[in-house]
Amino acid sequence: MVKNKYFYYLFLLNASINLINYVPRILIQDRFQGALMSILIAIPVGLLCMFIFIKLIQKFPNEGLPEILNSTFPRWLSTILLILYGLGWFFSSVITLVSFVDITSRYINPDVAPQIVLIGFLVVVGLGARLDSESLLYALEMILYMAMPLITYISWRIFSNPYFSWDSVRQVITYLWHLPTYRSLAAATYIYTGYINMVVFNRIFHKFKVRHIWAIGLVSILALVVSIIAPIGILGADGAGAHVYPAFSTVDALRIRYFIIERMIYVFFVVYMCLSLVNSVIHWHVGKELILGGLGQKTEQPSDLPKDIRKKRKLEWWVLGVFASITFCAMVIINQYTLNDMAIVFLDVRFAGEFVLLALLSAALWRRRRKRA
């Protein structure tokens, strides 16, 4: 059993990934069409969804989504829902891994074949996803302790840069009252989606309870502001929209004085490579557990027969093999424009899927109480 602080780590991981992934690109593309208003709306909406989810999942102590749905809904319905949610959560890691391979080729080493880079990532993610949930949270804690001070330092260097254009920031702020689009609102709320990982990790939390939710709101505000304002201040109000990866282009404009490594982007790349891999490991782990739950596999118990344990682990390898094959094929087939469209579709569907998840948990709670009555 783990302590409640690991819930904050799951949120913090998603919030830090939010700085480099497809979210800043979408918000910057809509910077003149309501992106700032979408951030203002996303904060109360995201916090409200998180609060409702926390209250609902607390009613199912030490249970994951597979146990909840399998015990309250017809088997055929729970199987479909679990597989769909498992594939949806895995799909997020596909976009993350393929994007990071592209970033590696663009900014670090264009001479290495992207297939080789991706194979290395897939080996790490596949093996990491087989670890138990508790070990993954301990690894996440260590990575965050190393990464967050560096992210804070890089953010400070950006805003203290003498070439940071506050006039460009003020220009974008003049579009504050433009109505947001659905895609910018869906992108802005993604920062809170780390709580969805609790559909599996709730199994190992002891008396799960969340305090100081205002702190989550404060961190999310800072992360969203940095993700859109930092590229605009360095790259310009017009120029920021021309970059595929605004965060990396922004950091690439910085240099480190009095240090062995002169370009800040090398430090930034290492930090976010670690965060992206850990994020993908957790997404694969959650997706794998949801799919296995949909296929009728229960969590391993000390009393399980060796034959049952071997059967589950064999099926586990098959699921991870399918994940790796889909990711590799996606990198080979899709191009940069398709990847951007995939990210937009994922964010739009995810936003609606969160409300469906809340409705499912509410229905499951009602059905369970009705059975006990």
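For Val2, the amide hydrogen comes within under 5 Å of the amide hydrogens of Phe205, His206, counting only partners 5 or more places away or on other chains and with H modelled in the peptide plane. In this structure Asp238 has an accessible area near 110 Å², from a 1.4 Å probe over the protein heavy atoms. Dividing the helix sum by the residues of the chain, where each DSSP H run of 4 or more adds -39500 (n - 2.57), gives a mean residue ellipticity at 222 nm of -24500 deg cm²/dmol.
Its Cα centre serving as origin, the chain has a Cβ charge dipole (Lys and Arg +1, Asp and Glu -1) of approximately 1520 debye. When the chain is described by a simple charge dipole with +1 on each Lys and Arg Cβ and -1 on each Asp and Glu Cβ, the residue from Phe164, Pro44, Tyr153 located farthest towards its positive end is Pro44.
If you take the Cα centroid of region 219-265 and the Cα centroid of region 161-179, the two points sit 15 Å apart. Phi angles across region 141-148 convert, under the Karplus curve 6.51 cos²θ - 1.76 cosθ + 1.60 with θ = phi - 60°, into 3J(HN,Hα) values of 4, 5, 4, 5, 4, 7, 7, 4 Hz, Gly and Pro given as x.
Multiplying the residue separation of Lys55 and Trp317 by 0.36 nm and subtracting their alpha-carbon distance yields 90.9 nm.
For region 172-184, backbone phi angles converted through the Karplus equation (6.51, -1.76, 1.60; θ = phi - 60°) give residue-by-residue couplings of 5, 5, 5, 9, 4, 8, 6, 5, x, 8, 5, 5, 6 Hz, Gly and Pro being listed as x. Distance between the pseudo-spin-label points of Ser71 and Ile334 (7 Å out from Cα toward the beta carbon): 3.6 nm. Karplus-derived 3J(HN,Hα) values for region 314-322, using 6.51 cos²θ - 1.76 cosθ + 1.60 with θ = phi - 60°, are 5, 5, 4, 4, 5, 4, 5, x, 5 Hz; glycine and proline are entered as x.
Could you rank Phe53, Phe355 by how accessible they are, 1.4 Å probe, largest area first?
Details: Phe53 0, Phe355 95 Å².
I get Phe355, Phe53, largest accessible area first.
Computed over protein heavy atoms with a 1.4 angstrom probe, the accessible surface ordering of Thr181, Thr189, Thr79, largest first, is Thr181, Thr79, Thr189. Once backbone amide H atoms are built at 1.01 Å from N, Arg263 has Ile256 as its partners under 5 Å, excluding neighbours fewer than 5 places away on the same chain. Rounded to 0.05, the FRET efficiency of the Arg367 and Cys274 pair, given R0 = 30 Å and the Cβ-Cβ distance, is 0.10.
The values are calculated or read from the model by the stated rules, or taken from the named source; none is laboratory data. What you see is a predicted model; the values in this text were computed from it and never measured. Note: ideal-geometry Cβ built from the backbone for every residue, glycine included; neighbour counts use all protein chains shown. For accessibility, only protein heavy atoms count, side chains too; no ligands or nucleic acids. Shrake-Rupley method; radii C 1.70, N 1.55, O 1.52, S 1.80 Å.
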